[in-house]
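A short write-up of the structure that comes next.
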Amino acid sequence: MNRQRLRYLHYTVAPLMLFPLLLTALTGSLFQVAQLTGNSQQFYWLLDIHRGKFGVVNLEIIYPFINALGVIMLGITGILIWLQIRNFNE
């Protein structure tokens, strides 16, 4: 894969994956804080969002795979871009 296509792939996928990854991290962290303060009963709705249940839209089955695929894809393309830049500078 040439440098231009690789950068375009990374550039396109990164913004799409940012929202679900941030949402998962934020809701998981906020629920952990609620649990540590003893208020977890009031914040179980955070776990629904964390797992991919968005009201009538239920993505619980595929949401973890979407997040995993995004992280893996961004990691691979990011490493490949880094290696290309590193080889270019040598």
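Quick rundown of the values:
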{"item": "The chain - mean residue ellipticity at 222 nm from DSSP helices (-39,500 (n - 2.57) per run, n ≥ 4, rounded to 500)", "result": "-27000 deg cm²/dmol"}
{"item": "Protein accessible area in the chain, 1.4 Å probe - carbon and sulfur %", "result": "69"}
{"item": "Segment residue 42-residue 16, extension gain: residue separation times 0.36 nm, minus the distance between their alpha carbons", "result": "6.3 nm"}
{"item": "Only Lys, Arg (+1) and Asp, Glu (-1) charged, at Cβ; the chain dipole about Cα centre in debye", "result": "300"}
{"item": "Net length gained if the chain between residue 62 and residue 76 were fully extended (0.36 nm per residue, minus Cα distance)", "result": "2.9 nm"}
{"item": "FRET efficiency estimate (nearest 0.05) - Cβ-Cβ, residue 84 to residue 23, R0 30 angstrom", "result": "0.45"}
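The values are calculated or read from the model by the stated rules, or taken from the named source; none is laboratory data. Not measured: the values here are computed from a predicted model. Reconstructed Cβ throughout: ideal geometry from the backbone, glycine too, with neighbour counts over all protein chains shown. Areas reflect the complete protein model, heavy atoms only, side chains present, ligands, DNA and RNA absent. Shrake-Rupley method; radii C 1.70, N 1.55, O 1.52, S 1.80 Å.
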